[in-house]
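Take a look at the structure set out below.
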Amino acid sequence: YLKISKLALAFAIIHSKPPGKSSKEYTEYLARAVSEQDFGWKWKVEVLEAEVLRLQQELLLNRISPRFCLEKRKQDTSAETLLGRESIHPTSYSSQLEDSGCDACNDSAFDSLGIASDFHQSEHNVNTSEYWLDRVPPLNLCHASKEQSLTAPLHFLQCLLEIRKLSEGGILQADFSELENDSFTISNSVSQLLDGLTVFYNSPKFPAPSFLTEGVCVLIRLITDTKLSNHVLKKCFKKMEEFKKNLIQIILRNRSVNRFQALHSVSQTLGLLGRNNILRNSLISLLLSEVRQFAEQLLQAQQVQSVYDITQYENIFLLCMILEQLLQNETEESNISSSDYGGEEKIKFLKNLDQIILHLSDEFPLFSLYLWRVSVLLNSGQMQ
């Protein structure tokens, strides 16, 4: 039956091919048309899956704190009212979308780094939280963008953190045991946010959208929070490690002429991640590994008089600067146990480092200086 079907399809293609085209050309044209149609359906499925996740996020927030979600029905910030306001002020939504809907002005509940401010007025803060949630529009099948794909997880995680803050202050009752029954939603939201951030850093826009920094700060706050961190780290730690590796590779492999503004944004993100005690040690190990491998490749290229990658040589200095800053922070925070971090990579980095510096110092003095400064920080008495 399969052979007969293939033969019938071949005859149909031959008989229906337009004049001036060979059977092979017409077959390739039909194959492209079918694949484009499949791509369209896959894209629609992805958008619908994102909408399902958004609804799951709202449902989980309602289970954790029903009052948090009931407040929006009592206030003038309902979805219908907001849509009415958009028809009067059509530019307001576009300005919010550029900032992921996370307003950073003075009347916001969050500052520019995404850190929750003091909660002086309980009802005002609850209403403000609902305002953030209401600003997340349903995904449009025709106009979904990568900005919108980040809006839902970012708002959900921000609202989750605000509920946590309000419940700590006794302003709001919340049942975080619901996370045990629905850990998929929070882990999937974090994964979606990490994937979205990676896409943005791979193809940056200028000026950089403020929600990139906002998203990173939200991730750090989730990991730092005692009640929420376990749900994030349990299922998303590997994803976080992959995210850091991707950022490092974005810095190393970027070859565009005007790349330094974009790389500066990525390096700032790595610096933010490195401020977190849980993420810092693994990030230091990753940076030590990349700098050590490049130093060894540069030494080998020098010894055999071969060409080295000048672009990667320029980019490696950003990693050196981030590494130096993280090590300085590590030495200044005496409350952090130095035995917790990077033992194996530290040993590999320091092994034969003096010889590497000696051979590279004449031709690559600046890079050798950075290697020496990093080694000093690693060998300092405070790091022992």
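Below is a table of values for the structure above.
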item	result
Residue selected from segment 268-323 under the condition of a type in the set (G, A, S) and farther than 21 Å from L219 by Cβ, by the criterion surrounded by the most Cβ atoms within 10 Å (Cβ to Cβ)	A295
Segment 55-82, subset at pLDDT below 85 and basic (K, R), residue most open to solvent (accessible area, probe 1.4 Å)	R73
Where N188 falls short, out of the listed (1) open to solvent by less than 20 Å² (accessible area, probe 1.4 Å); (2) within 22 Å of V52 (Cα to Cα)	(1)
Residue identified as out of contact with any strand residue (DSSP E or B) (no Cβ under 8 Å at 6 or more places or on another chain), assigned to a helix (DSSP H, G or I), over 18 Å from I248 (Cβ atoms) and at pLDDT 90 or above among L326, L299	L299
Residue in segment 271-281 that is in contact (Cβ under 8 Å) with a residue 60 or more places away in the chain, over 25 Å from T311 (Cα atoms) and not assigned by the TED database to the domain that holds Y313 present	yes
Restricting segment 4-45 to residues that are in a helix (DSSP H, G or I) and in contact with a helix residue (DSSP H, G or I) (Cβ under 9 Å, 6 or more places away or on another chain), the residue that is nearest to A152 (Cα to Cα)	L30
Test set (1) closer than 19 Å to L263 by Cβ; (2) open to solvent by 20 Å² or more (accessible area, probe 1.4 Å); (3) of a type outside the set (F, W, Y) - L326 fails condition number	(2)
Residue in segment 211-240 that is nearest to the chain's Cα centre (by Cα), counting only those that are charged (D, E, K, R) and open to solvent by less than 30 Å² (accessible area, probe 1.4 Å)	E214
Segment 338-352, subset open to solvent by 50 Å² or more (accessible area, probe 1.4 Å) and under 28 Å from the mean Cα position of the chain (by Cα), residue modelled with the highest pLDDT	E344
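The values are calculated or read from the model by the stated rules, or taken from the named source; none is laboratory data. As the structure is a prediction and not an experimental result, all values here were calculated from the model. All Cβ positions, glycine included, derive from the backbone under ideal geometry; neighbour counts span all protein chains shown. Ligands, DNA and RNA are stripped out before the accessible areas are found, and what is left, the full protein with its side chains, is counted by its heavy atoms. Shrake-Rupley method; radii C 1.70, N 1.55, O 1.52, S 1.80 Å.
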